[in-house]
Amino acid sequence: MKYRSLAIVGLEKNTGKTECLNYLLRQIGKMDGQFALTSIGIDGESRDQVCQTPKPEIEVPEGMIFVTSEKHYRQKRLIAEVLDISERQTALGRLVTARAMQAGKVLLSGPADTMGLKMLIGKLMTRGVQTTLVDGALSRLSLASPTVTEALILSTGAVVSGNIPELVRKTRYVCDLIALEEVGGELQGRLDSVEKGVWAVTGDDRLVDLELPSVFMLEKSGTDLFCYGNRLYVPGAVSDKLFQFLKVQHQPVELIVRDFTRIFATPEVYYAFLRKGGSVKVVHRSKLLALTINPQSPNGLLLDSDKLKEAMEEQLQLPVLDVRKIGDDN
Amino acid sequence: MTIREAIQNIQGFRYMMEQLNVRSAAGRRFLLDIVWMNSPEEVKRELERVVKMGVLLQLPERKTDIETLGVRLMQLRDIRGTILRVSAGCVLDDLELFELKNFALLLTEIRHIAGDWGIVSIPVLDPVVALLDPEGNRIPHFYIYDIYSPELAALRAEIRVKKQQGEAEEEIEKIYVRSVEIEDQVRESLSEELHGHSEILQQALEAVALLDVVLAKAEQAADMQLVCPELEGEEAETITLEGLFHPQVRMKLRQEGKEFQPVDLKLNAEATVITGANMAGKTVLLKSVALAQYLVQFGFFVPASRAKMSLLGEVMMSIGDEQNELSGLSSFAAEMIRMNEMVGKVKDGRKILVLIDELARTTNPVEGRAIVNGVVDFLTKHRTMAMVTTHYNGIIAPCRRLRVKGFVEDKIKGEVTLKNINEYIDYSLEEDRGNEVPHEAMRIAWMLGVDTGILQTAERFLTDRQEV
């Protein structure tokens, strides 16, 4: 596998992310090289506790390194060798790095923020790990962004929409966001170190703080946001409101966001912004490798897998796999 | 008092502790728990460690060792909680066993480096290593190894075979449950054996924490040019400080491109009244003395070029800008309550150092002067080592008098401005025979550029009064 890190993210819950991950793990189990597995935060976990549905356990193949919290490590159902315990605490205790001595099941939890995940992936590489798989969450509740990884696999399914065109449209929107162009050169590093506020980016790539506490204050501020040019950098969350505001400016605006997970706008508003000549770039981008679909939703709805797959492939030009089928092949 | 409490009292002391490059969490905890020492032997022992480490830091052939030691100390975890569980005889889990193994291996390595330095004696943990590293890999990983139990090894092999043969989950589950039971038995017996070593584990953790602190102290002493204080005998009550400075103030001055002028000072068991113009550094002087005394009591080198010091029971300070304004008392009331507390301690026969900055300055000069006389008289009569700064003249109570030389217009060439005014001040102390205070307040106010109208009026009042 040529990527050093790969995140598997679900568009929503029950899109078959875990099946996809287990499938990948089985494939990797047959490959040479050292692989590692972790997760982003505990976001999914807590919601599962609310629903009282158990979080699906991951089957770790023999020899694989995995990282999970102390709490989940103690509940593991496999033989594993402890390699390291982090000094940093997460909500579920310190993070334990271990190697599976025999295949078995474990609950995954991991660093709760992007920086922690980045450092963890770096540390695993020094242990000779070739690729780290990240069980990712796409949620505004998660502080960590899966775009820290080089590559992504996106899971989608009937739970997102019971109507195939609608499901394709929604998925396509997220794929479009993932594919947003990355800011290059020195500017990337400069943007990366900024984590809040609203900034103007000048013609010669300098950053000027517009001294707005948040994007929600845009309209109320009397200052001319575009006196330094038409590029704006917003590292925090970006909503419909911002796009609507930017759309009505005299000149087309280039908006730079941290990564695609920071965009919380609805597709309609986002595309309207683009049609008006606006453009969006990201500081961090991951390559989208493939899409998995789950034609079944938890409320019993079952879509036609072949039709769905066909529609997705045609629209998105990506490999599409049905998780229920890949689940059976072993 | 511990360092944890002491850093609340003195800003300059907190600064020094924050600047210490203690590498491990265990070392940081150890540092904060160091207790104010009263016996010269105890302090001497701690100072000697720092002296020895300082010598090693100078040796080029030790450079690699010191660097490796630094890295190993950084890797050290504070496993006090785990060691407490060992002592309590708890059954440890894999994570705790991992921590202990990691610690024992690291400590063995540290012992290999620093064991023969004669600074800290580091216990041998070979039996712990042997227990937790049964395969002798010397790699800090841990799990319940097959080698601990032939039965466990057999069960694990069986699980592997059955999985490959595709046996039913329930079958494998049964064997797995059995293997987990045996793992638990192994953990139990390991914990029991470790329990026998709990004392030595405890000692080992404290030893490396101490080593970490000593290394940081010696590095700081070299960095800040601190000196090892000589200690007076148990009964003595004198402090001799040559080239005394305040590291935090010095650092701030250096940032502005200025130098701190060190001061020589000798204190005996009597009240010393210090006079001097405003801006003459009287407050910083008191703070520097307090800092030096705190440092020696906790076994640190002191910021001076030479120091000979007595150990004391306590330093009582009354320095305006460090009081708690939230107590609801007026500054005068708070000061008087502090004075009374000090008097009580002196009467109890406690060996203390009293440092009072501008006593009774917030009240009228007539009564203020009387209060200063009263306090100075009390301190001298009780042979209490004390420094009292004041702007009041007419301090006639028996005491020793020192005066900051203060403003010297021809100290350097050029015009005096607000920016360079510090350079015109000679901060050294001289014996003062009379009881007059320097009259430099007006001059300094002029230089600071205070409104001309006001100053002219003030001068008129001054001459009028002198004529009267």
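Numbers at a glance
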{"item": "Check on B:Ala209, in a helix (DSSP H, G or I) and outside the structural domain of B:Asp133 (by TED's automatic domain parsing)", "result": "no"}
{"item": "Those residues of region A:243-261 which are part of a helix (DSSP H, G or I) and among the β-branched types (Val, Ile, Thr), in sequence order", "result": "A:Thr261"}
{"item": "Residue among B:Leu47, B:Leu76, B:Leu92, B:Leu105 that alone is within 14 Å of chain A (Cβ to nearest Cβ) and in contact with a Gly (Cβ under 9 Å, 6 or more places away or on another chain)", "result": "B:Leu76"}
{"item": "Test: residue in region B:220-234 that is in contact with a Gly (Cβ under 9 Å, 6 or more places away or on another chain), part of a helix (DSSP H, G or I) and at pLDDT 95 or above", "result": "yes"}
{"item": "Residue within region B:156-164 that is touching a residue at least 24 places away in the same chain (Cβ under 8 Å) and within 11 Å of chain A (Cβ to nearest Cβ) present", "result": "no"}
{"item": "B:Lys52 being under 20 Å from B:Asp116 (Cβ atoms) and not acidic (Asp, Glu)", "result": "yes"}
{"item": "Filter result (free of Cβ contacts under 8 Å to residues at least 24 places away in the same chain and over 15 Å from A:Val238 (Cβ atoms)) within region A:269-290", "result": "A:Arg275"}
{"item": "Selection within region B:1-44 - more than 11 Å from the chain's Cα centre (by Cα) and among the acidic types (Asp, Glu)", "result": "B:Glu41, B:Glu42"}
{"item": "Filter result (of a type in the set (D, E, K, R) and over 22 Å from B:Phe103 (Cβ atoms)) within region B:6-48", "result": "B:Arg14, B:Glu18, B:Glu41, B:Glu42, B:Lys44, B:Arg45, B:Glu46, B:Glu48"}
{"item": "Condition broken by A:Pro165, with the remaining ones in (1) surrounded by 12 or more Cβ atoms within 10 Å (Cβ to Cβ); (2) at negative phi; (3) over 22 Å from the mean Cα position of the chain (by Cα) satisfied", "result": "(1)"}
{"item": "Listing of strands (runs of 3 or more DSSP E) fully contained in region A:71-137 that carry 3 or more residues being away from chain B (no Cβ under 12 Å) and either touching a residue at least 40 places away in the same chain (Cβ under 8 Å) or buried (at least 19 other Cβ atoms within 10 Å of the Cβ) (or both)", "result": "A:131-136"}
{"item": "Filter result (away from every other protein chain (no Cβ under 11 Å) and among the charged types (D, E, K, R)) within region B:170-204", "result": "B:Glu170, B:Glu171, B:Lys174, B:Arg178, B:Glu181, B:Asp184, B:Arg187, B:Glu188, B:Glu192, B:Glu193, B:Glu199"}
{"item": "Residue, nearest to the chain's Cα centre (by Cα), within region B:58-90, restricted to residues that are farther than 18 Å from B:Ala204 by Cα and surrounded by 15 or more Cβ atoms within 10 Å (Cβ to Cβ)", "result": "B:Ile66"}
{"item": "Residue among B:Ile7, B:Ile83 that alone is closer than 23 Å to B:Leu106 by Cα and in a helix (DSSP H, G or I)", "result": "B:Ile83"}
{"item": "Selection count, region A:187-204, where residues are in a loop (DSSP other than H, G, I, E, B) and either at pLDDT 90 or above or among the β-branched types (Val, Ile, Thr) (or both)", "result": "3"}
{"item": "In region A:224-253, the residues that are buried (at least 20 other Cβ atoms within 10 Å of the Cβ) and in contact (Cβ under 8 Å) with a residue 40 or more places away in the chain", "result": "A:Tyr233, A:Pro235"}
{"item": "Segments classed as helices (runs of 4 or more DSSP H), wholly inside region B:86-187, with at least 2 members that are in the same structural domain as B:Val208 (by TED's automatic domain parsing) and closer than 28 Å to B:Met53 by Cβ", "result": "B:94-114, B:126-132"}
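The values are calculated or read from the model by the stated rules, or taken from the named source; none is laboratory data. Every value quoted in this text rests on a predicted model; they were computed, and no experiment measured them. Every residue, glycine as well, gets a Cβ built from its backbone with ideal geometry; the counts of neighbours run over all protein chains shown.
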